[in-house]
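Q: Have a look at this one.
The values are calculated or read from the model by the stated rules, or taken from the named source; none is laboratory data. Because the structure is a prediction, the values reported are computed rather than measured. So basically every Cβ, Gly included, is an ideal-geometry build from the backbone, and we count neighbours across all protein chains shown. Only protein heavy atoms, including side chains, enter the accessible area calculation; ligands, DNA and RNA are left aside. Shrake-Rupley method; radii C 1.70, N 1.55, O 1.52, S 1.80 Å.
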Amino acid sequence: MSNWRTPLRLVELIDDSGAIGDKGRNKLTAAVAEAAELTDQLGCVEVMPFATSAVRSATNSEEILDHVEKETGVRLQILSGEEEARLTFLAVRRWYGWSAGRITNLDIGGGSLEISSGSDEDPDLAF
């Protein structure tokens, strides 16, 4: 298992019409290509490529996803806000463990806020 991240700050590259511009598209494509190369080097059997808030809310999200796939061979899946909140909660639960008891998590990103809370592995609430 491996976890690799690179901050892109795509929300800062959304224009007045709500679209991700060429600079953002190119940054995302380069990052996905780098991640794909890393998965090959590591011999990953399963990869879960996904995009979150900036791509989810962009007016040209399908165009961006198509471009990334054409250039890299990787099709990003867009997580809903609720799914993003649920997965973030799971990561926090795994990090702090069961002894932490009830967790309320606020995930403040570049263009979104996800809130989750619960006592088990899956949150009772995820928004």
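Q: Six or more apart or on different chains, Cβ under 6 Å: which pairs go from a residue in the stretch 1-28 that's at pLDDT below 95 to one that's open to solvent by 70 Å² or more (accessible area, probe 1.4 Å) and in a helix (DSSP H, G or I)? Could you list them?
A: Pairs that qualify, where the first residue is at pLDDT below 95 and the partner is open to solvent by 70 Å² or more (accessible area, probe 1.4 Å) and in a helix (DSSP H, G or I), are Ser2/Leu42; Leu8/Lys27; Leu13/Lys23.
Q: Kindly list the number of the only condition in (1) hydroxyl-bearing (Ser, Thr, Tyr); (2) crowded, with 18+ Cβ neighbours inside 10 Å; (3) within 15 Å of the chain's Cα centre (by Cα) that fails for Thr72.
A: So the condition that Thr72 fails would be (3).
Q: For residues that are open to solvent by 100 Å² or more (accessible area, probe 1.4 Å) and among the hydrophobic types (A, V, I, L, M, F, W, C), scanning just the stretch 1-45, find the one that is nearest to Leu76 (Cα to Cα).
A: Val45
Listed here are the residues, each with its yes/no results for (1) in a helix (DSSP H, G or I); (2) touching a residue at least 40 places away in the same chain (Cβ under 8 Å); (3) touching a Leu at 6+ places or on another chain (Cβ under 6 Å); (4) farther than 13 Å from Ile20 by Cα.
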| position | (1), (2), (3), (4) |
| --- | --- |
| Glu69 | yes, no, no, yes |
| Arg86 | yes, yes, no, yes |
| Phe89 | yes, no, no, yes |
| Val92 | yes, no, no, yes |
| Thr104 | no, no, no, yes |
| Gly110 | no, yes, no, yes |
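Q: A follow-up question, please. Hey, does the stretch 48-59 have a residue that's farther than 21 Å from Trp4 by Cα and surrounded by fewer than 18 Cβ atoms within 10 Å (Cβ to Cβ)?
A: Yes: one or more hits.
Q: Are any residues in the stretch 86-123 open to solvent by 60 Å² or more (accessible area, probe 1.4 Å), at pLDDT 90 or above and among the hydroxyl-bearing types (Ser, Thr, Tyr), and if so, which ones?
A: Across the stretch 86-123, the qualifying residues are Tyr96, Thr104.
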